[in-house]
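A.B. asks: Below is one structure. I have some questions about it.
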Amino acid sequence: MTRVNLVYTPRAEEEIAARVKAIEAILIEGGLMSEAGVDRFAAVYENEVGPRLGASVVARAWTDPEFKARLLADASAACHELGIGGLQGEHMIVVENTDTIHNVVVCSLCSCYPWPVLGLPPNWFKSMPYRARIIREPRLCLKEDFRLDIPQETEIRVWDSNSEIRYWVLPQRPAGTDGMGADELAALVTRDSMIGTGFPRAA
């Protein structure tokens, strides 16, 4: 039996985007969807549906040390325990922020992204300026582009996703949240905090 590994290149991404645009145009012209409806659907998946699933995973890791250990050892398997997985989430790796290490994620080649836990990638994540600058000068990029001032004594690690592996970040639990339940904690987790370009909301 021959095993075929499909590798998504930047060209393939462009072809997929062109096909999606063509399908979108057909749906709009046929009156099946409006342009505003398409935009709203994309916004919901980008900012609400996907990131909410990731937030639930983070909240579980914050409150369950054994689950956290499994998440850091095998993120895809740990997420599967919660019924989370699928396309673009087959091989995920979670990296943990600490008092001395801040992690940030990029895909320097195209826009590889852990869809099952973060939803659709934001436009800036796919942009060449972000992809180039976050690797070249991560501290300055975070400060100037995201207003995230990382102390000089904190090491910044940049993780480059690819067609085989999708990275995402386990942010630090905010102070003053000891008495909070899982739902309350999940509400503090932002999409950007799981990319590394933001922090969780304050309690």
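The values are calculated or read from the model by the stated rules, or taken from the named source; none is laboratory data. Model, not experiment: these values are computed from the prediction. A quick note on method: Cβ atoms are made from the backbone with ideal geometry, for glycine too, and the neighbour counts reach across all protein chains shown.
A.B. asks: Tell me the residue from 181, 196, 119 that is buried (at least 21 other Cβ atoms within 10 Å of the Cβ) and either under 22 Å from residue 80 (Cα atoms) or among the aliphatic types (A, V, I, L, M) (or both), please.
C.D. replies: The match here is 119.
A.B. asks: Moving on to the next point. Among 87, 109, 120, 72, which is the only one that is more than 13 Å from residue 54 (Cα to Cα), out of contact with any Ser or Thr (no Cβ under 8 Å at 6 or more places or on another chain), assigned to a loop (DSSP other than H, G, I, E, B) and among the hydrophobic types (A, V, I, L, M, F, W, C)?
C.D. replies: 87
A.B. asks: Say we look at the range 77-102 and pick out the residues that are modelled with pLDDT of 95 or more and of a type in the set (S, T, N, Q); which of these is farthest from residue 164 (Cα to Cα)?
C.D. replies: Across the range 77-102, the extreme among qualifying residues is 100.
A.B. asks: Within the range 165-203, track down each residue that is under 15 Å from the mean Cα position of the chain (by Cα) and in a loop (DSSP other than H, G, I, E, B).
C.D. replies: Within the range 165-203, 165, 171, 189, 190, 196, 197, 198, 199, 200 qualify.
A.B. asks: Answer yes if at least one residue in the range 44-67 is surrounded by fewer than 17 Cβ atoms within 10 Å (Cβ to Cβ) and among the small types (Gly, Ala, Ser), and no otherwise.
C.D. replies: No - not one qualifying residue is present in the range 44-67.
A.B. asks: Moving on. So residue 103 clears everything in (1) in contact (Cβ under 8 Å) with a residue 24 or more places away in the chain; (2) over 21 Å from residue 87 (Cα atoms); (3) part of a helix (DSSP H, G or I) except one condition, right? Which one?
C.D. replies: Failing condition for residue 103: (3).
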